[in-house]
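Since the structure comes first, as structure tokens, the remarks are kept for the end.
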Amino acid sequence: MIDTSVEKFVFDLDRTIWDTYDVRGYPIWAKQMIPPYEIVEKNKIVDDVGSYCILRQGFREYINYLHSKDKHISFLSVGALHGAPSDIQPSIQMLKLFGIYELFNDAKFLLYKIEEKKKHLQNLAPCVFFDDSPKHLQAVANIENIFEINSENIDNWSQFL
């Protein structure tokens, strides 16, 4: 269970709050999505070539819950499309189309894949950090006041409500 006294919550994006697939159903990264995008269901966005991004079950409810409790909500992802400005980054577009971008009311880090998350997380502690990558979770495991949670183990975000 998550300590409810913690004020900061930091989320990875790809394979943590959403899953993205190509037209054949193989996993891809959100940065591989090609505009224009279309919302086909409340929690599903399709791109120009049939790839799709699905917001994980219960995440919308969970982030709204955190927001209602005045928590500081951040994202920290290494899923940036190299060299693209923030406003056209596919991950930013997904957050906006899902209608949850504005709920991230604290730090917003969309980094290129070679950057380390640890240096940014150290400045956000104390916090709860959700990520699917063992590499990033292990990198912060010994930092005091960072409570890492492997998002691979989350079937439905509503379990935290």
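The values are calculated or read from the model by the stated rules, or taken from the named source; none is laboratory data. Just so it is clear, the model here is predicted, and its values are computed rather than measured. Here Cβ is always computed from backbone atoms with ideal geometry, including for glycine, and neighbour counts include all displayed protein chains. Quick note on the areas: whole protein, heavy atoms, side chains included, nothing else; ligands and nucleic acids left out. Shrake-Rupley method; radii C 1.70, N 1.55, O 1.52, S 1.80 Å.
Side notes on the structure shown:
- Close pairs from segment 47-68: first among the small types (Gly, Ala, Ser), partner open to solvent by less than 80 Å² (accessible area, probe 1.4 Å), Cβ under 6 Å, at least 6 apart: SER51/ASP22; SER51/MET33; GLY58/ASN156; GLY58/TRP157; GLY58/SER158
- Segment 1-21: number of residues that are open to solvent by 20 Å² or more (accessible area, probe 1.4 Å) and either under 18 Å from the mean Cα position of the chain (by Cα) or under 20 Å from ALA84 (Cβ atoms) (or both): 6
- When restricted to residues that are within 22 Å of GLY58 (Cβ to Cβ) and either of a type in the set (A, V, I, L, M) or open to solvent by 50 Å² or more (accessible area, probe 1.4 Å) (or both), segment 109-132 contains 1.
- Positions within segment 96-108 being open to solvent by 30 Å² or more (accessible area, probe 1.4 Å) and either over 24 Å from ARG60 (Cβ atoms) or of a type outside the set (S, T, N, Q) (or both), in sequence order: LYS96, LEU97, GLY99, TYR101, GLU102, ASP106, LYS108
- Within segment 140-155, considering residues that are modelled with pLDDT under 95 and in a loop (DSSP other than H, G, I, E, B), the one nearest to LEU13 (Cα to Cα): ASP155
- Whenever a residue of segment 1-23 is farther than 18 Å from MET94 by Cβ, its partners that are open to solvent by 20 Å² or more (accessible area, probe 1.4 Å) and assigned to a strand (DSSP E or B), lying with C-beta atoms within less than 8 angstrom and at least six residues away or across chains, give the pairs ILE2/PHE147; ILE2/ILE149; ASP3/PHE147; VAL6/PHE147; GLU7/HIS72; LYS8/HIS72; PHE9/HIS72.
- Members of segment 39-68 found to be open to solvent by 60 Å² or more (accessible area, probe 1.4 Å) and over 23 Å from HIS82 (Cα atoms), listed by number: ILE39, VAL40, GLU41, LYS42, GLN57, GLU61, ASN64, TYR65, HIS67, SER68
- Of the residues contained in segment 73-93, one or more are found to be open to solvent by 70 Å² or more (accessible area, probe 1.4 Å), touching a residue at least 24 places away in the same chain (Cβ under 8 Å) and among the small types (Gly, Ala, Ser).
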